[in-house]
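Here's the structure we're looking at; comments come further down.
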Amino acid sequence: MPCPSCGVGDPTDPSAYVAVQSISLQTSRDVVMARQAVARALKSRGASAIRTTRFATAVSEIARNAIVHGGGGEITIGFDLASAYLMVECRDKGRGIADIPQAMVDGFTTAGGLGRGLGGAKRLADRFEIITEAGKGTRVRMGVKV
Amino acid sequence: MSGIAAIHLVENALLVSIQDDVSDVEIIDLQDALSRRIAEENVRGVVLDISALEIVDTFVGRVIAQLAGISRLLDAETYVVGMRPAVAVTLVELGLYLPETRTALSLTHALSQLRRG
């Protein structure tokens, strides 16, 4: 079901999205696979170099987060023909994010990184949504208009 | 480490072309290898060719910034060459300005700067 307030759809829903690819996220090599798959999907649909790079970078950030903070996960890429949005959903089964507003602030980090990944990913995507629950993991959905 | 990044000694600089499919693990290995080579070969500079990179995210950006810091402590300058416009736009949006690195439009330009320096 699309989220009525924010318009972020569910790319794992086959009735609304054309499945592009799903990738298991376990190692840093999988992050490369995910960002390359997204870049290919955008370029093949005629997206510009700048839009491709911006969104593939956002995907790289959230895919790495799923591995570093979430202990691994999976990313699903789907395309909505009606709205021409490429959407991704990245899921992990980690401990969740305790305070999302704090996690979005540039400079906040729990793992010794730069603390710019999550806020940066939101700025680089046209649509962005995080759903997280303590102990149950985190799901990030992001989209870009092609 | 795979063949992702061969390090070449050109004049008084170490030249590295980073490949588009570089992973986090591989770029950390590259940072270690480059740090060793800077000290061993007593070079004036490091030139990182990132023209193959379609994305530079916060992890790779941080490694590049750290490498530049390490180089400076070892008395070498780091030049980043071949940055794509889309990558520059994205880095600024991420708030990464790579202040420790010097940028050059081409390898030739970087080497001529190093010769003069």
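What distance in nm lies between label points placed 7 Å from Cα along the C-beta direction at A:A84 and B:E11?
Reported label-point gap for A:A84 and B:E11 is 4.7 nm.
Need the C-alpha centroid separation for the stretch B:10-68 versus the stretch A:67-129, integer Å.
What the calculation gives is 27 Å, centre to centre.
Place +1 on the Cβ of every Lys and Arg and -1 on the Cβ of every Asp and Glu in chain A, take the dipole about the Cα centre, and give the residue among A:A49, A:Q21, A:I97 whose Cα lies farthest towards its positive end.
Farthest along the dipole direction, towards plus: A:A49.
Lysines near A:K136 by alpha-carbon distance under 20 Å, same-chain residues fewer than 8 away left out - which ones?
A:K93
By how many degrees, between 0 and 90 and to the nearest 10, does the Cα long axis of helix A:28-44 differ from the longest principal axis of chain A?
The angle comes out near 30 degrees.
Specify the angular offset, from 0 to 90 degrees and rounded to the nearest 10, of the alpha carbon long axis of helix A:49-68 from the longest principal axis of the alpha carbons in chain A.
In chain A, helix A:49-68 runs at an angle near 40 degrees to the longest axis.
Can you put B:H109, B:H8 in order of Cβ neighbours within 10 angstrom, beginning with the fewest? If you can, show how the numbers build up before the last one.
Numbers: B:H109 14, B:H8 10.
Starting with the residue having the fewest Cβ neighbours, the order is B:H8, B:H109.
Summarise the long-distance tail of P(r) for the stretch A:18-145 by giving the % of C-alpha pairs beyond 21 Å.
Pairs farther apart than 21 Å: 33 percent.
Once you order the gyration tensor axes a ≥ b ≥ c over the Cα atoms, which shape class does the protein assembly as shown get: rounded for a/c under 1.5, otherwise prolate or oblate by comparing a/b with b/c?
It comes out prolate by the Cα gyration axes.
Take peptide A:137-144, look around each residue's Cβ out to 10 angstrom, count Cβ atoms belonging to other protein chains, and average those counts.
Average neighbour count from other chains, rounded to a whole number: 0.
State, as an integer percentage, the relative contact order of chain B based on alpha-carbon contacts under 8 Å between residues 6 or more apart.
It comes to 26 percent, rounded to a whole number.
At a 10 Å Cβ-Cβ cut-off, how would you order A:F128, A:F55, fewest neighbours first?
A:F128, A:F55
For A:E61, B:E11, what's the fewest-to-most ordering of other Cβ within 10 Å of each Cβ?
Ranking A:E61, B:E11 by Cβ neighbours within 10 Å, fewest first, gives B:E11, A:E61.
Could you work out [θ]222 nm for the protein assembly as shown from helices alone, using -39500 (n - 2.57) per DSSP H run of at least four and dividing by all its residues? Round to the nearest 500 deg cm²/dmol.
The helix-only estimate for the protein assembly as shown comes to -12500 deg cm²/dmol at 222 nm.
Just so you know, all these numbers are worked out from the coordinates, no wet-lab data involved. None of these values were measured; they are calculated from a predicted model. Glycine also receives a Cβ, built like all others from the backbone with ideal geometry; neighbour counts cover every protein chain displayed.
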